[in-house]
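The values are calculated or read from the model by the stated rules, or taken from the named source; none is laboratory data. Everything numeric here is computed off the predicted structure, so don't read it as measured data. Keep in mind that these areas ignore ligands, DNA and RNA; they rest on the heavy atoms of the full protein, side chains included. Shrake-Rupley method; radii C 1.70, N 1.55, O 1.52, S 1.80 Å.
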Amino acid sequence: MSSDETRTSSAPPPVPPPAPAKKARTLGQFVTFAAIGVANTAVYYAVFATLNRWLPYLAAHVLGWAVGITVSFLLNSYITCRTRPTWRAFARYPLSGLVNVVGSGILLYLAVSMLGMNEDIAAIAAGVLVTPLSFLLARWAIDSGTAPAPGEDPVRAAASRG
């Protein structure tokens, strides 16, 4: 086989999207992630409030969280990351929630104890500040747990998900 034939038979390397397009896509994903988070809070509370009538409140909380994390994972997989969910990604997904709880808890403590902020305002501020990290971890969990579709170039698939 000549070198010309070799060049024409191999696919060109993937070209990543231009930086502004990638930034716009990430911003759009972040906004979607935040909106899903708001909807997910309503799902959690609906499950908690319903089950709390018949179960101890901590059991209702755990079940509400489990339903909420599952709904959040599915919505963020399909809508935010535009990919099919996998068990591997689902196993990693709660890490973003754990980082959110721990990170916002630390920020909440520091804001109240060291800065003297009102507890309610500090809780909202801490949640807002830790959300970008939670988003990045959630996107990593979903995207790193996906396999390319049959016949799809894995490098090109990863580049297209950004």
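Some notes on this structure:
- Apportionment of accessible area to carbon and sulfur, the stretch 45-124, percent (1.4 Å): 71
- Take Thr26: with every protein chain present and a 1.4 Å probe, its accessible area is about 40 Å².
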